[in-house]
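A short write-up of the structure that comes next.
Throughout, read-outs are computed from the coordinates displayed, never taken from laboratory work. Here the structure is a predicted model, which is why all the values come from computation and not from measurement. We place every Cβ from the backbone using ideal geometry, glycine too, and count neighbours over all the protein chains shown.
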Ligand SMILES: [Zn+2]
């Protein structure tokens, strides 16, 4: 089916004014451009443009998780209190959302799902021969944040991929962690982000040892120190290392300091959850053993926010091609007497979408050309194609990348080929 959306029909057109309560770039641009709508702080609806981006990020994450043997499942968000009491999370996790039913029964909303997945998986595992096993899900998570004003960066309800792996012993978890780490780097690279993995940190507040994946970002909430030579990277909060000193790992490079955003995390869970639920398997020695587990998160809606924080200019968003809501934005700017340009733009939109390109077509008759240009910059589709009377007279269209300043004239009949060639050159 051709993917062609006419802007005159699109639900969620750009707003003239930015939202009043927006404190971050991603909140301001995503709401104003019509990608999301804020219901309350930290809780958003995804409009057609926003859902397209969310689903594209999701598809990339799913492909890479499947490629390393992850099996997708879907677990509930609504959990009985008892499983959270069993692990101690009910009292120790301050962001755990707790709700009470009309019969005074208490429940938690999932913020991570070790409490569900551990008994679920282990009820079906009998011996070490069935391990390792990795299952994951992609759905909504909840956190009872006191403050949630960073747009999609810190949601009270957010879309997340969480994978859980089960191993015979610690060495096997560490082997698998390296595989996941490489898959995570591939995901961030496909999204156009340059990520770094921090060294294991083992905070004293938790039994979990965690690894964080960070992207450099001026809007980042964290400060990292990283080596200019090797891949050493550490969260500045948990180290005594200073900027400018020699890297403790390679002893050649020097440490640099930068603001960064966390885009993924991995927790080394050890045997905690197996022990908490007393679920075991028969080991090689013939004795019962608790599984060594890992938890691997990527906040998909958070990534969408980070991508906007990373890729924008003063006019709007600059979506990387891999996750842009559309490949092409066709603008018809014929003005009041624009029947000829409307016919030409309609033909072009039909042809290009028929050739397999996803097309957003600005066919709004009431909108002035300046308004259409401004909205196109705000929405941030990678390629803009302008059909104007002047171009029409020369049998050309105006072609411009969102990241370029100047439009160039391309012969209409060469457009599809030009786009194909430029895309393949861009990789
Ligand atoms: Zn180094």
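May I ask you to order 259-267, 245-253 by the average number of other C-beta atoms within 10 Å around their residues, highest value first? Intermediate values should be presented prior to the final figure.
Values: 259-267: 22.7, 245-253: 13.7.
Those peptides, ordered most packed to least, come out 259-267, 245-253.
Rounded to 0.05, the FRET efficiency of the residue 123 and residue 242 pair, given R0 = 60 Å and the Cβ-Cβ distance, is 0.75.
Of all alpha-carbon pairs in the chain, indicate the percentage at a distance above 36 angstrom. Please report the intermediate quantities before stating the final value.
Values: 33536 of 90951 pairs.
The proportion of pairs with Cα distances above 36 Å equals 37 percent.
At 0.36 nm per residue, minus the direct Cα-Cα distance, what do residue 271 and residue 229 gain on full extension? Give it in nm, one decimal, please.
Numbers: separation 42, 0.36 × 42 = 15.12 nm, distance 3.56 nm.
This chain segment gains 11.6 nm when fully extended.
Here the gap between residue 199 and residue 249, fully extended at 0.36 nm per residue and compared with their Cα-Cα distance, gives a gain of 17.0 nm.
If r is the Cβ-Cβ distance from residue 414 to residue 66 and R0 is 41 Å, what FRET efficiency results, to the nearest 0.05?
Numbers: r = 38 Å, r/R0 = 0.93.
The pair residue 414/residue 66 has a calculated efficiency of 0.60.
Helix 415-425 axis versus longest C-alpha principal axis of the chain: approximately 30°, rounded to the nearest ten. Can you compute the label reach from residue 73? Point 7 Å from Cα along the Cβ direction, backbone N cut-off under 18 Å, restricted to segment 268-286. Answer for segment 268-286: 269-282.
Axis of helix 170-190 versus longest Cα principal axis of the chain: the two differ by about 10°, to the nearest ten degrees. Ratio of alpha-carbon Rg to the 2.2 N^0.38 Å globular estimate for segment 274-415, to two decimals, please. Rounded to two decimals, the normalised Rg is 1.71.
Note on segment 311-338 and segment 167-186: Cα centroid distance 40 Å, given to the nearest whole angstrom.
Packing, as the average of other Cβ atoms within 10 Å across residues, places the peptides 211-218, 172-179 in the order 211-218, 172-179, highest first.
Note on residue 401/residue 21: beta-carbon distance plugged into 1/(1 + (r/R0)^6) with R0 of 25 Å gives a FRET efficiency of 0.15. Report summary: the helix-based calculation at 222 nm, which adds -39500 (n - 2.57) for every DSSP H run with n ≥ 4 and divides by the residues of the chain, gives -9000 deg cm²/dmol. The distance between label points at residue 6 and residue 45 comes to 2.4 nm (points 7 Å beyond Cα on the Cα→Cβ vector).
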